[in-house]
Amino acid sequence: MQRRELLKLAAAAPLTCAAGRLMAAPGAEGAKLLVVFLRGAYDCASLLVPTASDFYYACRPNIAIARPGEANGALPLDGQWGLHPALAQSVLPLYQQKQAAFIAFAGTDDLTRSHFETQDSIELGQALGKRRDYGSGFLNRLAAVLGAGPLAGVSPMAFTNQLPIVMRGQAKAANMALSGNARPSIDARQSEVIAAMYRNTALAQPVAEGFQVQGEVMRAMQAEMDAASRSAMTAKGFELVARRMARLMRERLDVGFVDVGGWDTHVGQGAAAGYLSNRFEELGRGVAGFAEEMGEAAWRNAVVVVISEFGRTFRENGNRGTDHGHGTVYWVLGGGLSAQAGGRVVGEQQEVAQATLFQNRDYPVLNEYRAVFGGLFRRMYGLSPAQLAQVFDGVAPKDLQLV
């Protein structure tokens, strides 16, 4: 085998080395964080419906979600907001149990409205206007800070085919997609070749442990598929992946990331039924399945944050869809949400009206994502200002009392 081929295989190898070996620390013991990135910019005004706004219904004659009490209407959350009816059996029960919250008017101050530009910007978590360092994503920086303090030995994992930007950095991070037929990207022979490359070097143990993680994941997934072939309950799409993620995070992982595509609804978005509704239903089943699979004890220490690169235009377009916007809505779920957040729409808010639209077209961003994550990380892990500055330089954390 040529050296070039060996290097390609080495790059594909997962290098998780210390996942699962946690040391207890105040405010951090047992904490589990999963970030779900909805790539494509989902329409948050169809998810968290501003049911008190006549302006909303005037702007969306074909795709608005009806008011609560009407046919296929929104699920009432409070006097101002309703939830898309596709989430009645999944997210609404979590919300009612105070295990889910929504952050309205959330997002980044990036104004490019470019999917790729803004996705990169968010994953990097770096200040706008400065030169970007594509070798450093904010979840990797978090893992590095935790590994040096509250959670010695923590290791992040992306449940993706390629290591995403958010997981790049100094902390060792693994990536492995959990969808499909669960076939490994490299076989046993190739694994041995890679291991031989690093034998008697400082990387020998991390490489070996990385392959051990991969083997455990593959065996668990194969056992699940075998059980399904014996008439066991099966799940489709994101729910299947979410349940697999939950089992791994419950047992040995602490910081996770997954992305879900298909949210760019320029045409034929639908309302209470249709394309977007189907996506919401699948996503809702996934997060509910994640909570169930984690089990009560682990779920109490888990936080799931669902984000997207930006929102969509408040008015529907001529194709009964929506275009690239600005502010969006984040989801926060977990068994240990605080009484101040659980079962509520939180964060800075304002009336939904034409006068309050950003550039007369979009939701504004009132809850900047780095500040929101900074406040969450401070509460979850007890990080000091200096530690938070290593994750989000120059950001004042916004404490929404989520946990």
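Normalised by the number of residues in region 93-165, what is the relative contact order in percent for Cα pairs under 8 Å and 6+ residues apart? Walk me through the numbers before you get to the answer.
Details: 39 pairs, mean separation 15.0, N = 73.
About 21 percent, as a whole number.
Need the C-alpha centroid separation for region 339-403 versus region 56-128, integer Å. Here the two parts' Cα centres lie 15 Å apart.
Can you check what the net charge comes to around Gly129, using other residues whose Cβ is under 11 Å from the Cβ of Gly129 (Lys, Arg +1; Asp, Glu -1)?
Working: positive: Lys130, Arg131, Arg132; negative: Asp109, Asp110.
Taking every other residue near Gly129 into account, the sum is +1.
Values in this text are rule-based calculations from the coordinates and carry no lab data. No experiment lies behind these values; they were computed from the predicted model shown. Cβ coordinates were reconstructed from backbone atoms using ideal geometry, including for glycine residues, and neighbour counts include every protein chain displayed.
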